[in-house]
1. Can you tell which of B:Leu100, B:Leu63, B:Leu89 shows the greatest fluctuation in a Gaussian network model of chain B with Cα springs below 10 Å?
2. Please report the base-10 log of the normalised intensity I(q)/I(0) for the range B:26-139, using a Debye sum with one equal scatterer per alpha carbon and no solvent, at each q in 0.13, 0.15, 0.18 (1/Å).
3. Stokes-Einstein at 20 °C, 1.002 mPa s, Kirkwood radius from Cα pairs: D for the range B:170-266 in µm² s⁻¹?
4. Quote to one decimal, in nm, the extra length available between C:Ala99 and C:Thr56 on full extension: 0.36 nm per residue of separation minus the C-alpha distance between them.
5. Have a look at B:Leu185, B:Leu22, B:Leu79 and tell me which one the Gaussian network model of chain B (Cα, springs below 10 Å) gives the largest fluctuation.
6. Rounded to the nearest 20 Debye, what is the dipole magnitude of the protein assembly as shown about its Cα centre when Lys and Arg each give +1 and Asp and Glu each give -1 at the C-beta?
7. Kindly compute the accessible surface that chains A and B hide from a 1.4 Å probe when together, both sides summed, and give it to the nearest 100 Å².
8. At a Förster radius of 41 Å, what calculated FRET efficiency corresponds to the Cβ-Cβ distance of B:Leu14 and B:Leu45, to the nearest 0.05?
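The values are calculated or read from the model by the stated rules, or taken from the named source; none is laboratory data. Remember, it's a predicted structure, so these values are computed and weren't measured experimentally. Here Cβ is always computed from backbone atoms with ideal geometry, including for glycine, and neighbour counts include all displayed protein chains. Side chains are part of the model used for accessible areas, which takes the heavy atoms of the whole protein and leaves out ligands, DNA and RNA. Shrake-Rupley method; radii C 1.70, N 1.55, O 1.52, S 1.80 Å.
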Amino acid sequence: MGEAGGVTLDADLRLDRPGGFRLDLRLRVAPGEVVTLLGPNGAGKSTTLRAIAGLAPLTGGRISMSSQDWDVPPRRFTPPRDRGVGVVFQEYRLFPHMSVRENVAFGLRARGVDRHAARRRADEWLDVVGLRDHSGHRPHRLSGGQAQRAALARALATTPEVLLLDEPLAALDVSTRARVRAELSRHLARFGGATLLVSHDPLDAMTLADRLVIVEDGREVQSGTPVEVATRPRTDYVARLVGLNLLGGNATGDSVDLAGGGRLVPADPVRGPVWLAFPPSAVVLHATEPHGSARNHWPVTVTGIEQHGNTVRLHLEGRPTVLADVTPAAVAELRLAPGTALWAAVKATEIRAYPAEPGEGGMAGGAG
Amino acid sequence: MTTRRVRRRIPVLLLVPALLGLAVLVVPLAGLLVETPWTRLWPRLASAEVWPALRLSLWCATLATGICLVLGVPLAWLLARADVPGRSLLRALVTVPLVLPPVVGGVALLLVFGRRGLIGQYLDAWFGVSLPFTTAGVVVAEAFVAMPFLVVAVEGALRAADPRFEEAAETLGASGWYTFRRVTLPSVAPAVLAGTVLCWARALGEFGATITFAGNFPGETTTMPLAVYLALESDPEAAIVLSVVLLTVSVAVLAGMRDRWVRRAA
Amino acid sequence: MRSAIRCLVAAVFLLSACAAPSADSGGRITVFAAASLTEGFGELGELFEAANPGVTVEFAFAGSSTLAAQIRSGAPADVFAAASPVHLTTLVDAGLATAPAAFATNRLQIAVPPDNPAGISGLADLSDPDVVLAVCDPLVPCGAATETVFEIAGIAPEPDTRERDVKAVLTKVRLGEVDAGLVYRTDVHAAAGDVTGIEFPESAEAVNVYPIATLTDAPDPVTAAAFVDFVRSQTGRDVLAEAGFGTP
């Protein structure tokens, strides 16, 4: 429904909470764009949504939609009902005493649309999300995926300029998640307004976002397209999410001195402060010091072994400390156990090197 | 396949006091029924001035409950949700009629709404309205005594209610009043109903404040409890008959209402 | 748990200690008296205690019918002074009281607020429908007396309220809620200036006689009999006259 498009959400969010938590985040979401906030629990993602919805007033900064100010403390505060926002809450919050149709019609009725018109439009939205057959049911009779669609229809029925989704897939079980994700993606693509979505699941975030904003401790630590973020993580948190070893260091000549000690040689020529990233599967293990093609090899000690899908993930302490994925056969062959001393090797061509952004001082050590 | 019903044993430490509690409530009632002159019941009912008093009682209790709903539910909301200064003091004040002897409540009402009362003198002088010795006075006295039951029940539920649904309503563009009416109130409906039942029952049995504030005149202010009390002075048997009638009617009404609600809730 | 049980046991003992009549203290009597006797009897009790060192008199004041009902249910009283013969007669018939003797009389007065807003001067003025009037309910003694005087006067006033007892009528007059109320002389006396009493001749036709008697099951029949004699003595009559009662 593209009728609400055309305005950009511009937010400079500053919010101090009594517990000492501080949110300081700058966001711009263009019409038709889906921005996903990705971050660990407690990073301030939900607080960001609540601030934009008007449920948590800012203590500083500004939220505006095009030229209209929503929250400029201490001068101006537009209450939630007067902001053109639609919210899909994590636990959906469908009114339990109303039918699905009444839930979807609620926003229209609250804005003075007469009963029949509101019902008709609610039914249209239920058609869109494929819930027309359930319009008379109470929300408790819906499955998780259906409830999510009903919540989405309820939020969209008021034709908001901004759509806010808080962990829209978190309440679903794995079997329905993929299907609901695809459906949600389709609905978001049709929505003409600005969409801000919150998730702590990298897969959800990567598949639903046009742009990702990674939030840690109330601040943005990285942003970019899903591909950029997935291939060039800049924090340990992101590296873990996308499953890469991330090492910071300083490039001199053709080798990189790592911040945590040790030295690696990437294939790409680089200079100055850099990040090096490579998948755990690129780490090759040898019982004795290898003498061959691999220029990057160093002694390590096994500190942890865990099953990870079909492979075994090893925590290897050394200079640098890294994660390695090996086959169960290799574990048996090398008689791996915590404390086992080995040699790790990585081919230079497996290492992606990219400049660390200026001002990013704290170099991360080994991932994991 | 047969379902085996496993009966859980009730702990004795719960069962014994529970049965004693039941006895405390029910045995006096049984005493009343034993003393009831069943053979002379019908002629007594036919001759006594039971019906005007009963009609008045039901009418006044219902009206008073209506007033309590209209005023008490918003008051409960205020106490539960609004950010008012001195809220704990307000909360204590609301429950004062619960601890105040009803007769004292009646005197207090006279001092305020009486002919020479703080407000009553102006009601009388400006509008020619006088509450004492009128049916309206009965309703006021009953509402005064019964309202705390409703307020306490609803306030507790409101405080326990999940405010997240109200947030959701707000983001959907609902005003405070619309949210209250469509979201908050339905979510505490069981407590409102329970409070209403308590309130009605209390109003129906109200005696002290009523006789003090509204006086006693058959057909106008003589409700069943007043009739019972006065009959007790001269004719205890009549008093028992009146009590049994009051009991029967109130139990029938309360049980009927509960049935309807249970069915609706299911 | 154990301490809770101990507390419970202690509480039960305390309760039973309170409930048990202290029969050994020779000279403690309980007098059940009609509410209208409150003022006169209080003073009489003090005088009686002063004249009989070691003797204590405890009073329970309430409506005569309430007290009669309590005695029928076995309340441990020694003396019963009622506001009308009927309440004692039933107890005598039931073998619960000895032969009663009349010791005081009381008669009705019209009580009006001090400013007498309706300008009441006699019984006939009460027929005016604009006069807000409180009377006792016909089911209680003062109400029966009220009906009698109205009948004798040949008037049929329409009261606005029929109160449960004479004190309630007095309260309504005191608060100015009614223009007039029919109460006993002693009540006007007790109100000490808060209300004005207006005598009317018809009250002589409905004189209330107060009987007194010791009770058959009196825990202390000797002291009880002494108290009854004291009430009927000259001193007793003087004190009661002071409170507004008449002599039978």
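1. Result for chain B, Cα springs under 10 Å: B:Leu89 fluctuates most.
2. Each listed q corresponds, in turn, to -0.83, -0.98, -1.14.
3. Details: Rh = 16.4 Å.
It comes out at roughly 131 µm²/s.
4. Result for the pair: 13.1 nm of gain on full extension.
5. Of B:Leu185, B:Leu22, B:Leu79, the most mobile in the Gaussian network model is B:Leu22.
6. On the way: 78 positive and 87 negative charges, 1019 e Å.
Roughly 4900 debye, rounded to the nearest 20.
7. Values: alone 16880 and 16610 Å², together 31710 Å².
Adding both sides of the contact gives about 1800 Å².
8. Working: r = 41 Å, r/R0 = 1.01.
After rounding to 0.05, the efficiency reads 0.50.
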